[in-house]
Structure formats: C-alpha cells, structure tokens
There are 2 protein chains.
Amino acid sequence: MASFTPRPVPVALIGLGGVGKAVLTQLLSPPLNARFNLILIANSRLSLSLPLPTGAPLTPTNYLPILEQHGNPLDIASVLSLLKDSSEANGGIFIDSTGSELIPSIYPQILGMGINIVTPNKKATSSSNELWQDIKSKIYPNTSTLYYGESTVGAGLPILSTLKDLIETGDEIEKIEGVFSGTLSYIFNEFSTSQGSNVKFSDVVKVAKDNGYTEPDPRDDLSGTDVARKLTILSRLIPTSPILEEGYASVPTESLVPDILSNASTKEEYLERLAEGDDYFNKLRSDALKENKVIRYVGVIDLKNNKVECKLGKYPTDHAFATALKGSDNIISFTTKRYSARPLIIQGSGAGADVTAMGVTSDLIKIHERLTTRA
Amino acid sequence: MASFTPRPVPVALIGLGGVGKAVLTQLLSPPLNARFNLILIANSRLSLSLPLPTGAPLTPTNYLPILEQHGNPLDIASVLSLLKDSSEANGGIFIDSTGSELIPSIYPQILGMGINIVTPNKKATSSSNELWQDIKSKIYPNTSTLYYGESTVGAGLPILSTLKDLIETGDEIEKIEGVFSGTLSYIFNEFSTSQGSNVKFSDVVKVAKDNGYTEPDPRDDLSGTDVARKLTILSRLIPTSPILEEGYASVPTESLVPDILSNASTKEEYLERLAEGDDYFNKLRSDALKENKVIRYVGVIDLKNNKVECKLGKYPTDHAFATALKGSDNIISFTTKRYSARPLIIQGSGAGADVTAMGVTSDLIKIHERLTTRA
C-alpha cells in the first residue's frame with residue numbers, strides 16, 4: 001500500500017478572546033499544527049494572513065503585537081474568499097470564536113460557499129428557527145458541507161456528539177436534564193448541600209462574582225438565558241422535540257432575579273439589594289431539605305410531556321445532581337429507551353477557555369478526519 | 001449546489017449472538033438502513049449473502065430460519081472478497097461481533113486489504129502488543145483504512161472517543177479510574193453502601209448470578225480479567241502509558257476469587273464454598289466504613305506513577321463512585337491537565353446487547369460519515 005499522510009486542512013480563526021486565544025494555542029502546537037494550515041487570524045478589528053511574509057513563525061505569545069502592527073481591517077468577505085481559494089473542494093474551515101450575533105446571521109451564506117464552520121458561538125443555533133432551518137439545509141447530510149458546534153453546550157464535554165450518537169443509532173430520547181451553567185452549579189452546590197447549609201444566597205452570589213465565576217453583571221447568569229440557549233441547541237437535534245420558533249426566547253425560563261429586585265436599575269443596586277431575596281431562597285432550601293433534597297438550577301427537555309424549560313428543581317441527596325456534583329461542574333443526564341433504568345450521565349467542567357477550546361479543536365479534528373479519510 | 005445524498009456503504013456482519021442480533025436489528029431499521037448496504041450476515045457456522053435471491057426483505061425475526069435454510073458454510077476469505085468486490089476504494093466494513101480469538105488474529109490482513117473494521121470484540125486490542133502494533137500500522141492515520149472499537153469499553157458510553165478527543169487536542173492524561181465491570185459494579189454497589197450494609201458477599205454474588213448479571217461461571221467476572229482487557233485497550237491509546245507486552249496479562253490484577261477458594265475445581269464447588277470468603281470481605285467493608293468510605297472494584301491507569309492496575313479501592317461516600325453510582329452502571333473518570341480540579345466523568349449502563357450494539361452502530365456511522373463527506 002502506498003504511503004499515506006492526511007493533508008493539512010486550511011483554517012481561518014475569527015475572534016481572539018479567551019477561547020479564541022486558547023484555540024490558537026492548541027492549533028499552533030503539535031500534533032494539531034500538522035493537521036491544519038492556519039491561513040488567517042482576526043480579532044474584531046484586524047485580520048492577519050498567514051504565513052507571515054517574513055517567514056517568522058506565529059506563536060501564542062507573538063501573535064498580538066504582529067496582528068496590531070501588520071493586520072488589515074477585518075473584512076469577512078475577503079476572509080471567505082481567501083479560505084475558498086486556499087481550499088480544495090469542501091476543504092476550508094471557518095472558526096467563529098466571537099460572541100457576535102452578526103456573523104452567525106451569515107452562516108448560511110458561508111456554508112453555501114462550501115466552507116465548513118466550527119463555532120463555540122451559541123447564537124447561531126439558539127436564535128430563530130428560521131436561521132436554524134436555513135443552516136440545516138446547507139449542511140450534511142443535505143450537502144457535503146460540515147457544521148460542528150460541540151463546545152456550545154458543556155464546553156469540552158461530549159454532549160452534542162453523544163446526543164447525535166443516541167439519535168442516529170435509533171434510540172428514543174425520553175428526557176435530558178442537567179445543570180448546564182457553571183455559575184449556577186457553583187452557586188447551588190455551595191448554597192444547598194446534602195448536610196444542610198446556612199450560607200446566605202446573596203453571600204454565595206457575591207463570592208462567585210468576586211472570584212470571577214459570574215458574568216460582569218451576575219443577572220446575565222441568574223436570568224437563566226444562557227441555560228435556555230443551551231437547551232435550544234440540544235432540543236433542535238431531537239426530531240420529536242417542540243419547535244422553538246424564537247429559539248431560547250421560546251423556552252419558559254425561571255429567573256433567579258427575584259421579582260422584588262426586578263426594578264433594580266443597575267448591577268450595583270442589584271448586588272446591594274440582593275439580600276432582600278435571601279428569605280425566598282432560604283425557604284426553598286429548607287423546604288427541600290425536609291424532603292431530604294437539595295435544590296439545583298436545571299434545564300429539562302421532557303419529550304414525554306413535550307416540554308422544554310429552565311427551572312429550580314429538587315433532587316434527592318443520593319441523586320447524581322446532589323452529593324457527587326461539585327464546584328462549577330456541569331452535569332447532563334440522558335434518559336432514553338435504552339438508558340431507561342438509569343440515565344447516561346456526563347459530568348465535568350463546562351466552562352473556561354481551555355476546555356471550550358478543546359470542544360472547538362475536537363470538532364476541527366472530526367472535520368479533518370472526514371475530509372482526509374480517502375487517499 | 002447539486003443535490004447530495006450520501007451513498008450507502010457495504011457492510012458484512014459476522015456473529016449473531018446477543019450483540020450481533022441487536023446490531024442487525026439496528027442496521028435493518030431506519031434511519032440506518034439507508035446508510036448501509038448489508039451484503040452478508042453470518043454466525044459461527046453459516047453465512048448468507050444479501051439481498052436474498054427471492055427479493056424478500058431480511059428482518060430481525062426472519063433471518064435465523066433463512067440463514068439455516070439457505071446459508072453456506074462460513075468461509076472468511078469469501079466474505080472478504082465479497083466485501084472487497086462490493087466496495088469502492090476503502091468502502092466496505094467488516095463487523096466482527098464474535099467472541100473469537102481467531103478472527104482478531106487476521107485483522108491486520110483484513111485491514112491490509114483496505115477493508116474497514118468495527119468490532120465489540122475486545123480480544124484484538126487487549127492481547128499481545130505485537131498484534132496491536134500490527135493493527136495500528138494498517139490504519140488511519142498510517143493508511144486510509146479505519147478501525148473503530150468504541151463498544152469494547154463501556155458499551156455505548158463514549159469512552160474511547162472522549163479519550164481520543166482529549167489526547168488529540170493536546171490534553172495530558174494524568175489518571176483514568178473507573179468501575180468498568182457491570183457485574184462488579186452491581187456486586188459492590190449492593191455490598192458496600194454509604195449507610196453501611198450487612199449483606200454477605202457470597203449472597204450478593206449468588207443473587208447476581210441468579211439474575212443473570214454474571215458470566216455462567218462467576219469466576220470469569222471475579223477474576224478481574226475483563227477489567228484488565230478494558231484497561232489495556234484504553235492504555236494503548238495513551239502515548240505515554242506503559243507498554244503492556246502481553247496485553248491484559250501484563251496488567252497487575254487483584255482477583256476476587258479468595259486464595260482459600262483458588263483450589264475449587266468446579267464453579268459449583270466454588271459457589272458452594274464462596275461463604276468461606278465472607279469474613280475477608282466483611283473486614284474490608286467495615287475497615288472502609290470506619291473511614292467513611294465504600295469499596296469498589298476499579299481499573300486505574302495512573303500516568304504519574306506509570307501504573308496500570310485492577311484492584312479493590314476505597315472511596316469517600318461523597319465521591320462519584322460511591323452514592324451516585326447505582327445498579328450495574330459503569331463509571332469512568334478522566335483526570336487531565338485541563339480537567340485537573342475535578343475529573344471529566346461518564347456514567348451509565350456498560351453492558352447489555354442494545355447499548356453494546358449502539359457502540360457498534362455509532363462507529364459504523366462515523367465511518368459512513370468519513371467515507372461520504374465528499375460529494
């Protein structure tokens with residue numbers, strides 16, 4: 001048999017925040033640097049074509065000054081045609097590591113050019129059903145173009161790939177239930193424990209904020225919107241799941257911003273007045289403990305009852321969501337026809353640049369494998 | 001863009017025991033029946049080419065009488081040439097759903113013909129290092145031929161694929177630790193609980209045997225060999241792991257057949273005399289409980305200490321292996337550079353025909369995707 005070496009696949013990386021930088025670091029290191037040919041990096045303002053004219057290697061430490069000095073204003077259309085030109089048929093990959101709403105809106109156009117997409121950006125697949133249907137029509141198995149977004153749910157944890165395996169092998173999903181937010185996992189793992197705890201809800205939120213576990217405005221986590229986006233992404237992979245016409249906005253979502261605080265006009269006022277909600281959360285916790293349960297903020301897709309929702313739930317202390325869930329871990333359980341007596345459970349860190357970047361690069365590898373299997 | 005339909009890939013299925021039959025059922029059902037072209041089935045004696053000359057469809061209920069009536073004596077060489085003839089370049093898949101030692105010994109030859117292999121048979125990759133190296137040299141990325149064995153560890157759980165993702169994206173594995181045997185999971189989950197338990201070890205084993213959770217001779221489970229095979233398979237995917245020259249036989253494995261019973265000559269004598277070991281296990285259990293721990297039979301790959309071993313371990317009652325592990329579930333934890341504070345954990349049923357077949361068919365789908373991505 002002739003010697004075989006899988007060819008490198010051209011890649012453009014847009015977005016150089018925490019996750020984008022970690023993706024860049026992984027792409028520049030062996031063994032990945034042999035599998036991909038990085039032809040462009042860009043932040044929100046500037047783009048830089050590679051290799052550098054000087055022939056100097058790009059590194060995780062030198063890219064920023066070089067981008068600032070030699071970059072051109074970012075123009076997505078040019079990025080796409082560069083990618084298209086560098087690729088054999090169906091060969092290039094566009095990585096959208098931005099938090100932009102704008103770039104996802106042109107995914108159908110990018111995919112329509114035969115350019116594959118990998119993204120940790122939740123916006124594309126958790127917004128309107130119209131955009132989602134448009135994307136679906138442009139990707140495998142409807143075309144030979146590929147779209148992967150593993151890291152949009154659970155970061156590096158194999159959540160979407162497991163759901164895909166279950167469905168494509170003919171299993172029937174009955175329920176998906178999980179703690180999808182690292183921030184809310186931390187808050188409730190501290191606040192509501194099997195042995196009982198006296199800590200105040202407002203104090204836990206403040207510690208979480210001070211340690212950088214929350215968004216700058218903690219209401220962005222406590223609103224449940226991030227969880228609703230993740231549920232939307234999962235739900236859309238299940239053929240029998242309710243159609244969420246407006247995406248995450250169609251998911252009934254219990255907000256943890258207490259009603260009495262909904263009129264706080266700034267995050268400072270909100271944080272100051274957070275203790276006003278302590279009695280409410282104390283009662284929830286003590287009521288649960290009387291039943292030997294803890295409270296957790298969960299996302300639930302319940303196909304038997306045709307419901308998708310984000311809410312506070314109560315779980316027995318020997319449940320996987322209770323004692324064994326620690327820190328800011330995500331935990332997701334799949335109850336299916338095959339996994340009916342006990343669910344299939346995946347648990348681990350669900351946030352952070354390195355593990356999110358791992359979700360992105362494992363998607364890149366899957367595309368690389370699919371494009372290079374044939375000699 | 002031209003309309004695109006991924007072509008069906010030819011498949012031959014050898015082995016029609018519990019798992020093979022479940023694979024057949026999944027392959028004959030939508031959506032999988034559109035992705036694969038089943039050209040042959042065989043048990044240990046007879047093979048049947050498809051489609052049937054009568055044009056009648058094969059079904060999960062009619063295949064056995066048809067095979068008995070119209071089958072020809074099984075001849076692996078003919079199966080391989082049929083598969084080769086039915087395939088485009090690199091297109092066919094050989095499924096070895098037997099428990100044979102013989103068929104795995106010719107995997108290198110099959111792969112050398114450019115025929116892809118999917119198998120739940122642990123023998124190929126848990127035996128000698130020589131056979132393993134021979135297989136590795138014949139598959140991607142060294143050639144364009146594919147080999148998948150996801151179901152050899154954890155049945156349908158995504159264990160091997162997760163390990164592959166971690167390694168290929170550049171993470172460093174520090175430790176893999178898990179309860180890999182459904183039988184031993186059940187036995188210790190019953191025997192050693194967080195609250196304490198008075199049940200006798202010999203009684204738990206008997207209940208497990210009576211319920212069909214053990215091999216016909218329970219010593220096959222209690223010897224730890226099955227766990228050692230799974231550890232070998234995992235260990236060989238980790239570049240820095242110790243070379244296990246003799247495969248599972250090179251893994252130090254604590255046997256649960258107590259020394260005093262090692263001279264039992266039949267399984268009947270063994271089962272009769274099993275209570276002689278109860279004091280030994282009682283003491284292990286009560287010693288652990290004094291430290292607020294439970295005992296579990298685990299497989300451990302410890303890269304920091306360069307050790308691969310199967311043994312009884314003690315775990316705190318709030319550990320994921322303790323309270324949250326139930327029934328006959330497998331649980332596997334990956335501690336890595338990225339997942340260092342808390343491990344990535346996967347849990348769920350790790351045995352049974354349907355979930356093992358799911359591991360097989362999800363591998364088939366991955367190969368199908370890799371062979372059909374390009375238009």
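The values are calculated or read from the model by the stated rules, or taken from the named source; none is laboratory data. Predicted, not measured: the structure shown is a model, and the values here were computed from it. Don't worry about glycine lacking a Cβ; one is built from the backbone with ideal geometry, like all the others, and counts go over all protein chains shown.
So which residues in segment A:194-218 are within 14 Å of another protein chain (Cβ to nearest Cβ) and either in contact with a Ser or Thr (Cβ under 8 Å, 6 or more places away or on another chain) or surrounded by 21 or more Cβ atoms within 10 Å (Cβ to Cβ) (or both), if there are any at all?
The answer is A:SER194, A:TYR213.
I'd like the full set of residues that are among the acidic types (Asp, Glu) and under 27 Å from the mean Cα position of the chain (by Cα), limited to segment B:247-289.
Passing the criteria: only B:GLU254.
Tell me, yes or no, whether segment B:251-259 has at least one residue that is within 20 Å of B:LYS230 (Cα to Cα) and facing chain A (nearest Cβ under 8 Å).
The answer is no; no qualifying residue exists.
Could you tell me which of the residues A:LEU325, A:LEU303, A:LEU312 is under 25 Å from the mean Cα position of the chain (by Cα), within 10 Å of chain B (Cβ to nearest Cβ) and on the phi < 0 side of the Ramachandran plot?
Going through A:LEU325, A:LEU303, A:LEU312 in turn, just one is under 25 Å from the mean Cα position of the chain (by Cα), within 10 Å of chain B (Cβ to nearest Cβ) and on the phi < 0 side of the Ramachandran plot: A:LEU325.
Does B:ASP279 fit the bill of being away from chain A (no Cβ under 14 Å) and either among the hydroxyl-bearing types (Ser, Thr, Tyr) or closer than 29 Å to A:ALA353 by Cα (or both)?
no
So, of the residues in segment A:125-145 that are assigned to a helix (DSSP H, G or I) and of a type in the set (Ser, Thr, Tyr), which turns out to be surrounded by the most Cβ atoms within 10 Å (Cβ to Cβ)? Please lay out each step first, then the result.
Here is the first cut: in segment A:125-145, the residues assigned to a helix (DSSP H, G or I) are A:125-126, A:129-137.
Then drop every residue that is not of a type in the set (Ser, Thr, Tyr), which leaves A:125-126, A:137.
Details: A:THR125: 26, A:SER126: 29, A:SER137: 12.
The extreme case among them is A:SER126.
Sort out which residues of segment A:7-25 are surrounded by fewer than 22 Cβ atoms within 10 Å (Cβ to Cβ), within 13 Å of another protein chain (Cβ to nearest Cβ) and more than 19 Å from A:LEU83 (Cβ to Cβ), and write them in order of number.
Matches in segment A:7-25: A:THR25 only.
Kindly indicate whether A:PRO65 is without any contact (Cβ under 8 Å) to a residue 12 or more places away in the chain, in a loop (DSSP other than H, G, I, E, B) and not basic (Lys, Arg).
no
Kindly indicate whether any position in segment A:164-182 is in a helix (DSSP H, G or I) and within 30 Å of A:GLU291 (Cβ to Cβ).
yes
B:LEU237 is checked against (1) in contact with a Ser or Thr (Cβ under 8 Å, 6 or more places away or on another chain); (2) in a loop (DSSP other than H, G, I, E, B); (3) at pLDDT 95 or above; (4) surrounded by 14 or more Cβ atoms within 10 Å (Cβ to Cβ) and fails just one. What number does that condition carry?
(1)
Since A:ASN292 meets every condition but one in (1) surrounded by 14 or more Cβ atoms within 10 Å (Cβ to Cβ); (2) of a type in the set (S, T, N, Q); (3) more than 27 Å from the chain's Cα centre (by Cα); (4) farther than 20 Å from A:ILE345 by Cα, which condition does it not meet?
Result: A:ASN292 fails condition (1) only.
I'd like the full set of residues that are polar (S, T, N, Q), surrounded by fewer than 19 Cβ atoms within 10 Å (Cβ to Cβ) and either in contact with a helix residue (DSSP H, G or I) (Cβ under 7 Å, 6 or more places away or on another chain) or touching a residue at least 24 places away in the same chain (Cβ under 8 Å) (or both), limited to segment B:26-36. Step through it out loud before you land on a result.
First, pick out the residues of segment B:26-36 that are polar (S, T, N, Q): B:26, B:29, B:33.
Right, trim to surrounded by fewer than 19 Cβ atoms within 10 Å (Cβ to Cβ) and you get B:29, B:33.
Within segment B:26-36, just B:ASN33 meets the criteria.
Mind checking which residues of segment A:135-153 are within 14 Å of chain B (Cβ to nearest Cβ), of a type outside the set (Phe, Trp, Tyr) and out of contact with any Phe, Trp or Tyr (no Cβ under 7 Å at 6 or more places or on another chain)?
A:LYS136, A:SER137, A:LYS138, A:PRO141, A:THR145, A:GLU150, A:SER151
Each row is one residue, and each column tells you yes or no for (1) crowded, with 24+ Cβ neighbours inside 10 Å; (2) in a helix (DSSP H, G or I); (3) at the interface with chain B (Cβ under 7 Å from one of its Cβ atoms).
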| site | (1), (2), (3) |
| --- | --- |
| A:ASP318 | no, no, yes |
| A:SER333 | no, no, no |
| A:TYR339 | yes, no, yes |
| A:ILE346 | yes, no, yes |
| A:ALA351 | no, no, no |
| A:VAL355 | yes, yes, yes |
| A:VAL360 | yes, yes, no |
| A:LYS366 | no, yes, no |
| A:GLU369 | no, yes, yes |
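Anything in segment A:34-62 that is of a type in the set (Val, Ile, Thr) and outside any strand (DSSP E or B)? List them, or say none.
Listed by number, the residues that qualify are A:THR54, A:THR59, A:THR61.
Select from segment A:174-185 the residues that are crowded, with 24+ Cβ neighbours inside 10 Å and over 30 Å from A:LYS206 (Cβ atoms) and list them in ascending order.
A:ILE176
For A:LEU157, state whether it is more than 14 Å from the chain's Cα centre (by Cα), under 24 Å from A:THR361 (Cα atoms), at the interface with chain B (Cβ under 10 Å from one of its Cβ atoms) and surrounded by 21 or more Cβ atoms within 10 Å (Cβ to Cβ).
When the stated conditions are applied, A:LEU157 does not pass them.
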